Amino acid sequence: MKSEIVFVREYGDASKAAKVMRAVSPDNQDAPDDTSIEMLIEGGSLVVKVASSADLPSFLRTIDDLLSCIQVAERTLLKVE
């Protein structure tokens, strides 16, 4: 069974969205072979698409890890600015 999710994080600024994307992109390279993660900037938003043929618990762990990494990047960005 294939699981997919698309979520959007709005920053109101393409530069901020790009910084978050760059911060988490290296982690995405280590995603499981049966999982694809695509990230793109649309206006001031970061759009994240995740698709996986892994079992549901594995898919959910991947999403949880990705959201945690995004949250750390966002907090770091706030402190740097």
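No value in this document is a laboratory result; all are computed from the given coordinates. Worth saying up front: this structure is predicted, and the values here are computed from it rather than measured. Please note: Cβ atoms are built from the backbone with ideal geometry, for glycine as well, and neighbour counts cover all protein chains shown.
Can you give me the angle between helix 14-28 and the longest principal axis of the chain, using Cα atoms only, in degrees from 0 to 90, rounded to the nearest 10?
Approximately 40 degrees, to the nearest ten.
Taking +1 at the Cβ of each Lys and Arg and -1 at the Cβ of each Asp and Glu, which of Ile37, Met21, Leu56 sits farthest along the dipole of the chain towards its positive end, judged by Cα position relative to the Cα centre?
Of the listed residues, the answer is Met21.
Using alpha carbons only, how many degrees (0 to 90, rounded to 10) separate the axis of helix 56-80 from the longest principal axis of the chain?
10
Report the normalised scattering of the chain as log10 I(q)/I(0) at q = 0.11, 0.22 Å⁻¹, calculated by the Debye formula with identical scatterers on the alpha carbons.
Scattering profile of the chain, log10 relative to I(0): -0.28, -0.99.
Please give me the summed charge of the neighbours of Val6: other residues whose Cβ is under 10 Å from its Cβ, Lys and Arg +1, Asp and Glu -1.
Charge balance near Val6 sits at -1.
In deg cm²/dmol, rounded to 500, what helix-only [θ] at 222 nm does the chain give when every DSSP H run of at least 4 residues adds -39500 (n - 2.57) and the total is split over its residues?
-17000 deg cm²/dmol
Quick one: length gained pulling Thr76 to Leu40 fully straight, 0.36 nm per residue minus the C-alpha distance? List each step's numbers first, then the result.
On the way: separation 36, 0.36 × 36 = 12.96 nm, distance 2.00 nm.
Difference between extended and current length: 11.0 nm.
Mind checking which aspartates and glutamates have their C-alpha under 15 Å from Lys2, skipping anything on the same chain fewer than 8 residues away?
List returned: Asp33, Asp34, Asp55.
Can you tell me the length gained on complete extension of the stretch Ala18 to Ser58, counting 0.36 nm per residue apart and subtracting the Cα distance?
Working: separation 40, 0.36 × 40 = 14.40 nm, distance 2.71 nm.
Length gained between Ala18 and Ser58: 11.7 nm.
Taking a cut-off of 27 Å between Cα atoms, list the lysines near Lys16, but don't count ones fewer than 8 places away on the same chain.
The reachable lysines, counting only those whose Cα sits under 27 Å from Lys16, are Lys49, Lys79.
Test of understanding: what is the full-extension gain from Ser68 to Met1, defined as 0.36 nm times their sequence separation minus their Cα-Cα distance?
21.6 nm
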